[in-house]
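These notes are about the structure you will find just below.
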Amino acid sequence: MERKDILSLSFEELSGVIEEMGEKKFRAKQIFSWLHCKKVSDFSQMTDISLSLRTKLGEKYCINSLKIVRRLESKRDNTLKYLCELEDGNHIECVLMEYHHGNSICISTQVGCKMGCTFCASTIAGYRRDLTAGEMLSQVYRIEDNSHRHIDSIVLMGIGEPLDNFDNTCRFLDNISDARGRGMSLRHVSVSTCGIVPRIRELAEKKYGITLSVSLHCPDNEGRSRIMPVNRRYDIDELMKACREYTDATGRRISFEYAVMNGVNDSREDAKKLYGLLKGFMCHVNLIPVNEVKETEYKADRHSVEVFAKMLSDYGLNVTVRRTLGADIDAACGQLRREYEI
């Protein structure tokens, strides 16, 4: 019988398991703390739990752990990039970044990606499977232990589309924020999406308090459909309507991600269209110099991004240019995994 991933269980589910085993309820709180506070990787490490209970847990459940295959450290800004191997031999990436406000980890939510954005390295190797909530949590816990750095914030913007793995993403958010475990405020968590409209609406209903980051990358349907296939299913009008509903329901502003590409989406006309799209919207525009991937021809330079930012700022939009971290170690998601598996 295949053992289940215990890290993916909610506290309520774990409590039910403990009761079914004939144990007292308070054991669930102890075990949940061992898993999410002390971050143990084996039931034998739960020293205040009886041997018989640990044995019963080990027969039905496992604590999924990641094997770190490669660890790269930037000499420029202390960014750490990890290639991790899952229990089934698949590989994912995560990146730990230093900011003045603390350490932030960017984690993966799928093995590969099926969204097909033409500028993204994550989609080149194709989609294999979704990650469980436990596998997402393992990235946070394992990298925190390996780096000896406390993780202050989390970004679900690594390999994969979080809202395409909706149930596991929500389970991850529930578990990472549970006060009986890690207890992280979801105001320190960002969830990225390329624009899966029905899931944005479902997320709004949950009122998590996260920051929703929407990958826009082009201000009109023709251009966006060319580089982001998802736009052919949920066009900009539908996407913007769902985003407005999200801010109305949650009171949270949205961060619109915009990867600037020379000659593709960085003209004055593009700036004007973007202003028209976002005027009056409770949002922030985060400009990113597109990550150069050898299989594509997309390029950007810091100067062109700054020029585009000035155009948007002059229109009155709230805009920043994201710092390029880990450039000397190819910290953009998907590149390390692809090179390793070739």
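Since every read-out is calculated from the coordinates, none of them should be taken as a lab result. Fair warning: this is a prediction, and the values are worked out from it, not measured in the lab. No Cβ is skipped: glycine too gets one built from the backbone with ideal geometry, and neighbour counts run over all protein chains shown.
Extension gain, LYS24-LYS279: 0.36 nm per intervening residue step, less the Cα-Cα distance, totals 86.1 nm. Note on the range 85-180: antiparallel DSSP beta bridges, both residues inside, total approximately 60 percent of the bridges counted.
For the residue pairs LYS38/LYS81; LYS38/LYS207; LYS81/LYS294; LYS273/LYS310; LYS25/LYS207, alpha carbon separations beyond 21 Å are given by LYS38/LYS81; LYS38/LYS207; LYS25/LYS207.
Run the dipole for the range 141-182 about the Cα centre, Lys and Arg Cβ at +1, Asp and Glu Cβ at -1, nothing else charged, and hand back the magnitude in debye, nearest 20.
Details: 5 positive and 8 negative charges, 40 e Å.
Value, rounded to 20: 200 debye.
For VAL260, the residues 5 or more places off, or on other chains, whose built amide H falls under 5 Å of its own are ILE288, VAL290. Legend: P(r) of the range 51-120 from all alpha carbon pair distances, 5 Å bins from 0, whole percents, reading 3, 13, 16, 17, 15, 15, 10, 6, 4, 1, 0.
With runs of 4+ DSSP H residues as the only contributors, calculate the mean residue ellipticity of the chain at 222 nm using -39,500 (n - 2.57) per run, divided by the residue total and rounded to the nearest 500. If you can, show how the numbers build up before the last one.
On the way: 11 runs with 122 residues, N = 342.
It comes out at -11000 deg cm²/dmol, rounded to the nearest 500.
Summarising the amide proton neighbourhood of ASP235: residues at separation of 5 or more, or on other chains, whose placed amide H is nearer than 5 Å comprise an empty set. Of all DSSP-defined beta bridges confined to the chain, some 40% are antiparallel rather than parallel. Here each label is just a point 7 Å from Cα along the line to Cβ, and for LYS206 and TYR315 those points are 3.2 nm apart. Classification of the range 4-62 by its C-alpha gyration tensor yields a rounded form. The axis ratio a/c (a ≥ b ≥ c) stays under 1.5.
To the nearest 0.05, how large is the calculated FRET efficiency for ARG76 and ARG128 if R₀ is 41 Å and r is the Cβ-Cβ distance? Write down the numbers at each step before the final one.
Numbers: r = 32 Å, r/R0 = 0.78.
After rounding, the FRET efficiency stands at 0.80.
Highest mean packing comes first when the peptides 37-50, 175-188 are listed by Cβ atoms within 10 Å, giving 175-188, 37-50.
Couplings for the range 281-297, taken from phi via the Karplus curve 6.51 cos²θ - 1.76 cosθ + 1.60 with θ = phi - 60°, read 8, 7, 7, 9, 9, 10, 7, 10, x, 4, 6, 6, 10, 4, 7, 10, 10 Hz in order; Gly and Pro are left as x.
Straightening the chain between ASP301 and LYS67 buys 80.7 nm, computed as 0.36 nm per residue apart minus the Cα-Cα spacing. Farthest towards the positive end of the charge dipole of the range 136-252, among the residues SER177, GLY223, CYS194, is the Cα of SER177, using unit charges on the Cβ of Lys, Arg, Asp and Glu.
Here the chain is assigned +1 on the Cβ of each Lys and Arg and -1 on the Cβ of each Asp and Glu. Its dipole about the Cα centre then comes out at about 540 debye.
Cα gyration tensor of the chain, axes a ≥ b ≥ c as square roots of the eigenvalues: rounded (a/c below 1.5), prolate (a/b > b/c) or oblate?
Working: a/c = 2.15, a/b = 1.72, b/c = 1.24.
Because a/c hits 1.5 or more and a/b exceeds b/c, the chain counts as prolate.
Taking 0.36 nm per residue of separation and subtracting the Cα-Cα distance, full extension of the segment from GLU292 to ASP48 would add 82.8 nm.
Cβ crowding within 10 Å, taken as a proxy for footprinting-reagent exposure, orders GLU257, GLU202 from fewest neighbours to most as GLU202, GLU257. Note on ARG323 and ARG226: their simple-model spin labels are 3.4 nm apart, each label 7 Å out from Cα toward Cβ.
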